[in-house]
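The values are calculated or read from the model by the stated rules, or taken from the named source; none is laboratory data. What you see is a predicted model, and the numbers here were worked out from it, not measured in a lab. Here the Cβ positions follow ideal geometry from the backbone for every residue, glycine too, while neighbour counts run over all protein chains shown. Only protein heavy atoms, including side chains, enter the accessible area calculation; ligands, DNA and RNA are left aside. Shrake-Rupley method; radii C 1.70, N 1.55, O 1.52, S 1.80 Å.
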Amino acid sequence: MTLPPTSEPSQICSNKGLLFWTTNSDQQFDLFNQAWLLFTNSTLEQNLNEGWQQFIHPDDLNGFLQSWREAYETQKAFQCEYRLKRYDGHYRRFQCHADPRPSASREFSGFIATSFDLLQRDQQIESIRNNRKHLEGLLNCSSQAIWDWYDLNSTEQWWSPRFYELIGYRNQEIESSMETFKLLLHPDDLKATLQAFDDALSKNTGFDLEYRLRIKGGTYRWFHGFSKILCNESGQTVRMTGCMTDIHRRVQAEEELKRTQQEAKLAIEEKKNFLAMMSREIRTPLTAILGFSEMILESAQDPFTHTSAETIHINGEYLLKSVNDFLDLSKIEEGRFDMELLECAPMTVIENVHALMSRKAALKEIPFNVTLENELPESIKSDPIRLKQILLNVLRLTIKFAGTESIDLKISSDLNPEGKQILSFKVIFKNKEIEHSHLQQLFACTQLEEAIMPGLDSGTGLGLLVCRQLATLLGGQISTKHHVRNKSLISIDITIATGNFRAEKRQLFYAPGLIRETQTTIVSDELLNPNIRILLVEDGIYNQRLIKFLLNKAGADVKVVENGNQALAEIQNATSDGEIGATYDLILMDIQMPILDGYSTTRQIRSLGFTKPIIALTVNVMAGDREKCIKAGCDEYLSKPIDRKRLIETINRCLKMENEKKRFLQSTAGNEQATFLH
């Protein structure tokens, strides 16, 4: 290995301890410097004339004298080596170099000589050799390639053996120069890399960049290069050194990771699109199935028709629940599930759950008891809808497996192992149909495949998998255990965090009398104004019939059009006194339509000047769908299948807001007119 050029050995030796002596034209030694006197531990008088000879080794004296006399005869410089006795009696080898003594007359006037310790020089040379070997070892062990541009006026550089190794060559096999480096650079990296070199030299900043070099064999590999600038005392750049590391595998791994991430992103997008399409395709007919079965339930006289309609409605709701569970699970897995943590009353959630599950338990003649075991907080910070979803799913499971035995729901306020306040729900029942180990596995599963078991429909497993995830998001968990003495007695424990727990206000627990019976409410079929006119923009024939029937029954006059173009034409035809769509009080806009979709139709209707409410009806329930509808110009958003109660409530709310807006504008206009007249 060849290192960059360094100083010559003679230049390395220090002037410290350099011995001087002089002679005159009469061949007499007339001066010795202090270093000579200290080394020999002698005085000047002891060295004058021939006294100095006593310090020269006897075996070297004749040779020294001969060289000296020959030099006198030729009056030319001479050089020799001799051993000189040190003050401790030991001899040290010196090299002597004598030059003719300067004279104003330019005549020969003797010699002036310098002698330096060869042992010191040899030690310095040996130290340099050792340092070189050490440096070579370090460079050979290093994974980095070192380069040195030691003369910026030349293209020649020094490359370490590792540099050659990284580009596939033997040491010194090709010329180490800037020109060679340029030839090895990838054409696409040439301009940027050379610019980095130029900037580093002009700005004294060095560079840090990645580039490709052609290795032996013709292929290119990625390298990471770093440089440092060396300047002289005046600040001028005189040298550039640097290192280079092979990063080809890292770059390949990053590219592979990018490809994998892109494929994963595409897979997630495809999954998202599939779920959205599945949701649309199922929700559209479900609107008609649930809506018409509900109508039949209200009007059926004979038991068979009523039972058939009830079966259709229950299974339709079951299918809708499965679709919603799939969407929830997908959102949770993708990390885009939004929890809405609100200040809510746990007793309200408990009462709602009790009201719903009491009826379901009564159908199977199963006693359902709710007990508050201690004081509950009046308010907690949680998501009441998701908490209700968890409790309903777990209780449906227990009703399925409890036979005719009772089901007990015990609720308490407690502390978790970390000392944080939690609400605990214990569902206790006698299990007669499923092994406890299977039940444990069901609540411990992390994948949908694990939640599918013999004797258990996949919808139940899906719902419980979602509940387990929801409980975790709410700061709790779901676990199961069986009683030691009675293994058929199963307890399903659900915990959730309470957030900002308000301890100063607690619900007293004279249970179970606290659980109020929730009476079934009948949806009002009357709208705010029985004479309102609604434009229904809907392409599905069954949804047209259902929604028109519900609204007509509620007292509204409904006009149906099939697509966006017909809606635009109808709005323009319904103009009166310059007001666009004056004969209509509200528009129900289906979003998925052929020819012209609901988004575009809404934007064009708004551009015509229609300011009254527009409510979006859509099967899209993915994240951001509501915002898209509002951005297009809709006032509200309803997802299919259409819930009659929500439909009536939403129309009422929009019409009420529209009337309030009109009254405000009229009041403002009246005030302005009065001010003007005054």
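Worth pointing out:
- Solvent exposure of ARG239, expressed as accessible area, is near 70 Å², computed with a probe of 1.4 Å over the protein chains only.
- Measuring against 18 Å, Cα to Cα, the residue pairs LYS191/LYS258; LYS321/LYS388; LYS321/LYS360 contain LYS191/LYS258 as the ones spanning a longer distance.
- Model label zone, HIS90; criterion: amide N under 16 Å from point 7 Å along Cα-to-beta-carbon; scope the range 16-48: 39-41
- Filtered GluC sites (Glu not before Pro), the range 219-314: DSSP coil and at most 16 other beta carbons within 10 Å: GLU233
- Simple spin-label estimate for GLU378 and ALA362 gives 3.1 nm between the two label positions (7 Å along the Cα-to-Cβ direction from each Cα).
- Charge dipole (the range 298-417, unit charges on Cβ, about Cα centre) - positive-most of LEU397, VAL353, SER413: LEU397
- Rounded FRET efficiency, nearest 0.05, which uses the C-beta distance separating LYS271 from GLN144 and R0 of 35 Å: 0.20
- Partners of LYS553 within straight-line reach, counting aspartates and glutamates whose Cα lies under 18 Å from its Cα and excluding those fewer than 8 residues away in the same chain: GLU294, GLU298, ASP525, GLU526, ASP585, ASP643, GLU649.
- FRET efficiency estimate (nearest 0.05) - Cβ-Cβ, THR219 to ASP625, R0 45 angstrom: 0.35
- Distance in nm between pseudo-label sites at ASN565 and LEU230 (7 Å out along the Cβ direction from Cα): 8.1
- GLN172 paired with ALA77, simple spin-label distance in nm, labels 7 Å along Cα-to-beta-carbon: 3.1
- Distance violations [Cα-Cα > 21 Å] among LYS272/LYS400; LYS364/LYS430; LYS271/LYS645; LYS182/LYS228: LYS272/LYS400; LYS271/LYS645
- Efficiency of FRET between PHE20 and ILE128 - r from beta-carbon atoms, R0 25 angstrom, step 0.05: 0.45
- Reciprocal of mean inverse Cα separation for the range 542-678 (Kirkwood radius, Å): 16.2
- Hits among aspartates and glutamates - C-alpha to C-alpha of LYS76 under 17 Å, sequence gap 8 or more where chains match: ASP26, ASP99, GLU107
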